[in-house]
1. Would you mind listing how long the chain runs along its three principal axes, going by Cα atoms, in whole Å with the largest first?
2. Name the residues whose placed amide hydrogens come within less than 5 Å of the amide hydrogen of Gln160, ignoring near sequence neighbours (fewer than 5 apart) on the same chain.
3. Measure off, as a whole percent, the carbon and sulfur share of the 1.4 Å-probe accessible area of the chain, all protein chains present.
4. Can you tell me how much longer the chain between Glu171 and Glu91 gets when fully stretched, taken as 0.36 nm per residue apart minus their C-alpha distance, in nm with one decimal?
5. Under 5 Å between amide hydrogens, which residues at least 5 positions from Arg185 or on another chain qualify, with H placed 1.01 Å from N in the peptide plane?
6. List the lysines whose alpha-carbon lies under 28 Å from that of Lys169, not counting same-chain residues fewer than 8 positions away?
7. If one computes P(r) from the Cα atoms of the stretch 28-96, what percent of pairs lie at distances over 20 Å?
8. Would you work out which of Leu48, Gly159, Leu182 lies farthest towards the positive end of the dipole of the chain, given +1 charges on the beta-carbon of Lys and Arg and -1 on that of Asp and Glu, about the Cα centre?
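The values are calculated or read from the model by the stated rules, or taken from the named source; none is laboratory data. Being a predicted model, the structure only gives us computed values, none of them experimental. Cβ atoms come from the backbone with ideal geometry, glycine included; neighbour counts cover every protein chain shown. The accessibility values were calculated without ligands, DNA or RNA, using every heavy atom of the protein model including side chains. Shrake-Rupley method; radii C 1.70, N 1.55, O 1.52, S 1.80 Å.
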Amino acid sequence: MSRPSGARPRVPLPPGPALAPSILSADFARLAEEIAAVTEGGAGLLHLDVMDGHFVPNLTIGPPVVASVRKTTSLPLDVHLMIEEPDRYIERFIDAGADMISVHQEAVPHLHRTVHLIREHGALAGVALNPATPIATLDDILPDLDHVLLMSVNPGFGGQKFLPSVVAKIEALRGRLEARGLAARIEVDGGVAADNLPALLRAGATLFVAGSAVFDGKDPRARAAALAALCERGPGAR
Ligand code: DX5
Ligand code: ZN
């Protein structure tokens, strides 16, 4: 059953800056344990990367995994669709438990229609931009967005090198949002780690996706806690 037009998400987002661990780098055979660990560490939401082998050269998860994750956690679920023709699947992902959906500008010919499809089904709607896509492409749709996801790697894989050009892009987008009195959140995704998170926060991002920085290694709870602490220190942190 779909939620009515204009409904709020089932799970509200944290009001301030928050860490969104990407389960792409987690051990899928122990997913519930991995999610429990990052929740204890202070994750504010969970990021789920959906790849179709067409828009990006990799395949990952679909609605059944989102539904299983939904049963194991009360965190908001942030679903990043790196797929062609996302309109065909949006309702299924929201029914499975997605609270936020991002679609790629580069994959969607009728963004206005797609964004409103997401909202009609009761989730927060966002658009993701690849590193080479300028923010000006969102000027006309910005008032309709709950969030903008700025990629700091080319999408498709975890563990890639952070592209620092995203910092200026975040600053520019923050400026445009403030000049127009718009409240869309800025999310950054790709290579986010302790050495760049403070600069991303200062630039104006408030949602921080981190995959390998959280899950590569032995202690995802401690790694999430260290990144969550940087989020909590606020934009003044250095
Ligand atoms: C990349 C995905 C990211 C990825 C981030 O296409 O969108 O969410 O999981 O992983 P790291 O943090 O390792 O770059
Ligand atoms: Zn992602």
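1. 43, 39, 33
2. Close amide H contacts, sequence-distant or interchain: Gly191.
3. Exposed carbon and sulfur together represent 53 percent of the surface.
4. The Glu171-Glu91 span can extend by a further 25.5 nm.
5. Distant-sequence amide H within range of Arg185: His147, Val148.
6. Straight-line reach from Lys169, under 28 Å: Lys161.
7. 30 percent
8. Of the candidates, Leu182 comes out farthest on the positive side.
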